[in-house]
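Following: one structure in structure tokens, then a few remarks.
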Amino acid sequence: MGMTSRSTSVDPILRDLGKLTADLRRIRAGDGPSSKVLEGCPLLDQWSIGFLPAACLVGAVYRHPLLGSRPSLYTSEIVFIDPSRRWARTRSMYYRLGAERHDPLPGCA
């Protein structure tokens with residue numbers, strides 16, 4: 001997965017995360033969506049909780065601030081990655097990228 005580092009490629013992500021952040025701050029303050037806002041939202045009927053696969057990074061980690069060093073780790077979902085400059089931003093933090101694994105993970109071939 002290669003994404004360019006041009007600012008235009010992150011603009012939609014910034015817009016969406018900005019809206020999400022604003023909504024979460026309102027929810028935290030006890031101000032959820034009004035009835036008028038909800039009237040304009042799509043209706044999801046016969047719903048249940050599902051699981052959506054998301055791209056993440058897998059590998060050995062060193063000096064993780066919460067987990068320390070481990071031989072195997074799955075990160076949170078990738079938000080932006082620049083393999084040529086050897087860094088990635090996941091939902092939770094930045095990672096420096098070491099050597100890339102070229103053999104597929106079990107079950108991913």
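The values are calculated or read from the model by the stated rules, or taken from the named source; none is laboratory data. What you see is a predicted model, and the numbers here were worked out from it, not measured in a lab. All Cβ positions, glycine included, derive from the backbone under ideal geometry; neighbour counts span all protein chains shown. Note: areas computed on protein heavy atoms with side chains; ligands, DNA, RNA excluded. Shrake-Rupley method; radii C 1.70, N 1.55, O 1.52, S 1.80 Å.
When L14, L66 are checked against the criterion of being at pLDDT 85 or above and either of a type in the set (S, T, N, Q) or not in a loop (DSSP other than H, G, I, E, B) (or both), L14 stands alone in meeting it.
Candidates in the stretch 6-46 are the residues that are under 30 Å from D82 (Cα atoms) and of a type in the set (G, A, S); of these, the one that is most open to solvent (accessible area, probe 1.4 Å) is S7. Checked against (1) open to solvent by 70 Å² or more (accessible area, probe 1.4 Å); (2) without any contact (Cβ under 8 Å) to a residue 60 or more places away in the chain, R85 passes all but a single condition, namely (2). Of all residues in the stretch 64-82, those satisfying the criterion of being touching a residue at least 24 places away in the same chain (Cβ under 8 Å) and under 21 Å from A54 (Cβ atoms) are I78, V79, F80, I81, D82. Here I49 clears all of (1) at pLDDT 90 or above; (2) over 28 Å from S9 (Cα atoms); (3) open to solvent by 100 Å² or more (accessible area, probe 1.4 Å) except the condition numbered (1). Quickly run through the stretch 28-63 and pick out the residues that are of a type in the set (V, I, T) and either assigned to a loop (DSSP other than H, G, I, E, B) or more than 30 Å from Y94 (Cα to Cα) (or both). Those that are of a type in the set (V, I, T) and either assigned to a loop (DSSP other than H, G, I, E, B) or more than 30 Å from Y94 (Cα to Cα) (or both): V37, I49.
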